[in-house]
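Comments concern the structure below.
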Amino acid sequence: MLDSFLCKEIMNTDVLETIMKFTLRLFCIMAIVLIPVLSEGRIFARWHTSLGSFSAELYDELVPITALNFRDLANDGFYNNLIFHRVIEGFMIQDGCPNGTGTGGPGYNIQDEFHPDLLHDSAGVLAMARTSAPNSAGSQYYITLAPQPHLDGGYAVFGRIIEGLENVMAIGSVPTNAQDRPITPVNIFQLRMLDLHLLEFYPSLEETLQIEANTMQMFVTQAYTSEATLNYTWYLNDELLPDDMFMIERTFSSGNHTLRCNIASSDSIAFDAIWNIQVSSANADLQIASAPQINLKAGPNPFGDKIAIQCASTKEQVVAVAVFNLRGQKVRELQKGAQKQGSWELEWDGCDNRGHELSPGIYLLKMKAESGSLFRKITKLR
């Protein structure tokens, strides 16, 4: 019976103040969902517990109300110093009750949010607990210890463990009493959001890249962190490359290759961007992708005082054009907003957003739209 698994979250005496606070939070989240904006990347969370640490990725783009509610609670310190109050070996571990009994919550509820691609298909799935009533989730969540397909469509999946699953499984095997409460409490010292945001990979990681031999190809990994340091380590067919920036350019010999960039932050989280590359000899038949819906050119390149940027789009869409340095930092935003179909021209004077002259060197020009992204390497001479 699912009722044996579900939690009951009870409003406290400060319900009016809490509801007002949540209403404002929900309004902001809904505004993010409804306004067409360009993606800001992915969210990660990290647990530090008495049985070790683990990390999860949150699916904020697929289930924004659920994921952003969890993020906001974590940022408020809500989950710090709580316990996993319910553990069922082979099923799940559950947390998020400030009372430690499974009866408490944040004082409000959020609406149920389901996505067909988010399933209870493995151990390490992160989902919201709730009562038998619809739209009754608040702060309590669970992490599966095995596939639980009978929960699909009833409980909102919003994340997945990506590191430290062995510690989750260890929590799931602790001795418990008749009420499924660990005999020795499993403490959550801290649950915090990680400041590593993965924005975009170019070319896309989702499909095999097909190119001709000895053709120069650019690869870009865009990520940012406000406090930690990001390190980029590149591998070609598992052999270490000397490159250590967020982008590289190189040619390939005929055959199949794997290019990997390990993005690691000093905040104890890492991600591997992996491209599968199929390289054909010159003049061989290739399955060329359909023509892009955007175009980006810049010249003269290299440039001295300023560079002209020609942009084009085959449809009306939201477009952003910006300049990045080789550390992946955005140094100048040239355009962001709705753009009509057609061609237009921009100009960059070599200055940052504050009007300060930037140093000579290599920069990356990026055009991002709803239909995709394009990059061009540009060189500033003075």
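Read-outs throughout are calculated quantities, based only on the coordinates presented, and are distinct from any laboratory measurement. Only a predicted model underlies this, so the values are computations on that prediction, with no experimental measurement involved. All Cβ positions, glycine included, derive from the backbone under ideal geometry; neighbour counts span all protein chains shown.
Values for this structure:
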{"item": "Karplus 3J(HN,Hα) series, Hz, for the stretch 372-382 with 6.51 cos²θ - 1.76 cosθ + 1.60 (x for Gly, Pro)", "result": "x, 9, 9, 10, 9, 7, 10, 10, 9, 7, 8"}
{"item": "Approximate spin-label separation Ala308-Ser266, in nm, with each point projected 7 Å along Cα-to-Cβ", "result": "4.4"}
{"item": "Chain lengthening between Ile162 and Leu358 when straightened (0.36 nm per residue, less Cα-Cα)", "result": "66.7 nm"}
{"item": "Flagged links, alpha-carbon separation over 18 Å, of Lys336/Lys377; Lys336/Lys380; Lys306/Lys368; Lys315/Lys377; Lys330/Lys366; Lys306/Lys377", "result": "Lys336/Lys377; Lys336/Lys380; Lys306/Lys368; Lys315/Lys377"}
{"item": "Under-5 Å amide H pairs with Lys315, H placed in peptide plane, nonlocal only", "result": "Gly342"}
{"item": "Cα-based convex hull, the stretch 59-215, per residue volume (Å³, whole number)", "result": "144"}
{"item": "Which of Thr49, Thr215 has the fewest Cβ neighbours within 10 Å, and the rest in rising order", "result": "Thr215, Thr49"}
{"item": "Additional length obtainable on full extension of the chain from Asn187 to Cys351, 0.36 nm per residue less Cα span", "result": "54.0 nm"}
{"item": "Per-pair calculated FRET efficiency, R0 = 30 Å: Asn80 and His115 via Cβ, rounded to 0.05", "result": "0.60"}
{"item": "Once the Cα gyration tensor of the stretch 296-382 is diagonalised, semi-axes √(5λ) in Å", "result": "22, 13, 11"}
{"item": "Within the stretch 186-225, backbone nitrogen closer than 20 Å to the virtual label 7 Å beyond the Cα of Glu89 toward Cβ", "result": "186-187"}
